[in-house]
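Structure first, then comments.
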Amino acid sequence: MSKNVYVTPSGKKLVTVIPGDGVGPEIVSCVQRLIAAVGAPIEWEECQAGARVFKQGIPSGVLSSTIESIRKTCVVLKGPLETPVGYGEKSANVTLRKLFETYGNIRPAREMPGVPTLYSGRGINLVIVRENIEDLYAGIEYMQTPDVAQGIKLISSMGCEKIARLAFEFARSEGRKSVHCATKSNIMKLTEGTLKSMFEQVAKEYPDIEASHIIVDNCAHQLVKKPEQFSVIVTTNMNGDILSDLTSGLIGGLGFAPSANIGNKVAIFEAVHGSAPKYAGKNVINPTALILSGVMMLRHLEEFEAAESIENALHVTLDSGVRTRDVAGDVGAVSTTQFTDAIISNLGNSLPQWSLPVRKPLHLPETHLDPEPPTDRRVVGVDIFVESRLNPEALGTSIAKLTSEAPFSLQLISNRGTKVYPAMGAMTDCVDQYRCRFLFKKSTRGLTDAEIDAQIFDLVQQVATDHKWAHLEKLQEFNGKQGFTKDQGEN
Ligand code: NAP
């Protein structure tokens, strides 16, 4: 898939720039100055999003003119955005990522010259490729009972295929030789397990790259112990959020952590950090994270020479001891603008020992492993979630009695995923939400969907005679494969 780039009549590449909140305008202007100084053919279209837009009463925090601009340019350089308390519920950042389906978040962490860390000299040079749309970040949450909140972890095969392919394509574009996939598939077999299995399928198409799976908690452990063993790590949204803050800590902190939100049409480049409000307007913040995001943007626009020139000049500047307050402390630190001036004066210079790899354009992958709709699917039962303050035995006895004539058998009742009825001697603290698992006594083969639903609704009515139900989940099999997990203690 080719990238969308808007070329102006004067032959420049048009980029939407959102200065953002807090320190945003200061760091965005550093990047604009550097790009002008290096002579890259970029033209900016300035747009607004974030706190000041929320305060205009626009609940999304994003102006429609900003959305129009991004539709046109397909490339964005963005300062951090705040969601001020009392204005809207949703982050303008997340809105932008979702509106433009930027499904991959690429977060490099590379050791920087002249930035002392516990890991200096070990050559950390890795990239987290984080899924950016799905997972718990779909933001689907409910108070299911007064006591129990539920968040839905949504993972699709298509989303996993896209992010796995992006990781391999990114590795190829930078000449990287290995990709790890970090999941918690040992526990979340269906959600996290989908990424693992799609990764393993996609890996077969990239025989030039070593592919391995690692359990995400061990990945965190290994990242702290021996980070230099990793090159590319692909992972789900929540895991990637946490791991990438960890990896920025390894190389000097959030001031050095860039990111690119990549979609098949739109790409948004931003620092990992937020608006750091306490430093706003003080001209002290480290602009490196956004400068490196700008470098990623130039590569995305295939302005490789300009990108390399800025990155090299940044290395020379840091190596010469010119540093902002976060690295230098209060004595000897330069301001944000002095730091940028120093990089500009170093354009054209490089550190031979910090050479940059030859990068190729990132090929944005198409998906093609979409699972065929199953040829055989069957409803085998239903989970009814009920709110109750009864003890498990009393609840189980009551529900078994209420449903004794139903075409279902009460298989078990669980509390927070552990079987509590029929009792098996567990010492579970029960909250006010129980899951009652019913299985059809006879196969539903031959019944229509409407007939199955009617039986389920009858069952719910029987349970509802004496109990509050909160949520239903059909138990299904697809091509003979169980589409639900068992409870702890379920046989
Ligand atoms: P933050 O803005 O990232 O700042 C947290 C701390 O990290 C700062 O106080 C500072 O640490 C350090 N830091 C961050 N950027 C730095 C830089 N460039 N140079 C040096 N140090 C840097 O996180 P926050 O205070 O939690 O969030 C503030 C606002 O930003 C919130 O409204 C949040 O929602 C928003 N936010 C936006 C984005 C985004 O737009 N993508 C991302 C994250 C957060 P010290 O105090 O130790 O100096």
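If you filter the range 58-80 down to residues that are open to solvent by less than 20 Å² (accessible area, probe 1.4 Å) and not β-branched (Val, Ile, Thr), you find that the one that is nearest to the ligand (Cβ to nearest atom) is Pro80.
Each residue in the range 246-273 was checked for being under 30 Å from Met158 (Cβ atoms) and either β-branched (Val, Ile, Thr) or modelled with pLDDT of 95 or more (or both), and 16 pass.
Restricting the range 1-33 to residues that are open to solvent by 50 Å² or more (accessible area, probe 1.4 Å) and of a type in the set (A, V, I, L, M, F, W, C), the residue that is nearest to the ligand (Cβ to nearest atom) is Val5. Scanning the range 267-293 for residues that are open to solvent by less than 10 Å² (accessible area, probe 1.4 Å), under 20 Å from the mean Cα position of the chain (by Cα) and more than 8 Å from the ligand (Cβ to nearest atom) gives Ala267, Ile268, Phe269, Ser293.
Whether a residue is open to solvent by less than 40 Å² (accessible area, probe 1.4 Å), on the phi > 0 side of the Ramachandran plot and not in a helix (DSSP H, G or I) was assessed, and Gly321 passes this test. Checking the range 410-419 against the condition returns no match, with no residue being out of contact with any helix residue (DSSP H, G or I) (no Cβ under 8 Å at 6 or more places or on another chain), modelled with pLDDT of 95 or more and loosely packed, with under 14 Cβ neighbours inside 10 Å. Taken across the range 206-224, residues that are of a type in the set (Gly, Ala, Ser), under 20 Å from Ile251 (Cα atoms), in a helix (DSSP H, G or I) and in the same structural domain as Glu131 (by TED's automatic domain parsing) do occur, with at least one present. Taken over the range 375-397, the criterion of being among the β-branched types (Val, Ile, Thr) and either touching a residue at least 12 places away in the same chain (Cβ under 8 Å) or not in a helix (DSSP H, G or I) (or both) is satisfied by Thr375, Val379, Val380, Val382, Ile384, Val386. Any residue at all in the range 332-339 that is open to solvent by 40 Å² or more (accessible area, probe 1.4 Å), part of a helix (DSSP H, G or I) and within 16 Å of the ligand (Cβ to nearest atom)? Yes.
None of Ser185, Ser173, Ser91 is within 16 Å of the ligand (Cβ to nearest atom) and either among the small types (Gly, Ala, Ser) or closer than 30 Å to Gly329 by Cβ (or both) except Ser91. Return yes or no: is Leu195 surrounded by 14 or more Cβ atoms within 10 Å (Cβ to Cβ) and touching a Pro at 6+ places or on another chain (Cβ under 8 Å)? Considered against the rule, which asks whether it is surrounded by 14 or more Cβ atoms within 10 Å (Cβ to Cβ) and touching a Pro at 6+ places or on another chain (Cβ under 8 Å), Leu195 comes out as no. If you go through the range 230-266 and pick out every residue that is in a loop (DSSP other than H, G, I, E, B) and within 8 Å of the ligand (Cβ to nearest atom), you end up with 1. Taking the range 8-34 as the range and being of a type outside the set (Ser, Thr, Tyr), under 24 Å from Gly61 (Cα atoms) and not in a helix (DSSP H, G or I) as the test, the residues that pass are Leu14, Val15, Val17, Ile18, Pro19, Gly20, Asp21, Gly22, Val23.
The values are calculated or read from the model by the stated rules, or taken from the named source; none is laboratory data. Bear in mind that the values here come from a model prediction, so they are computed numbers and not experimental data. Neighbour counts are summed over all protein chains in view; Cβ atoms, including those assigned to glycine, are modelled from backbone coordinates with ideal geometry. Just the protein is used for accessible areas: all its heavy atoms, side chains included, with ligands, DNA and RNA removed. Shrake-Rupley method; radii C 1.70, N 1.55, O 1.52, S 1.80 Å.
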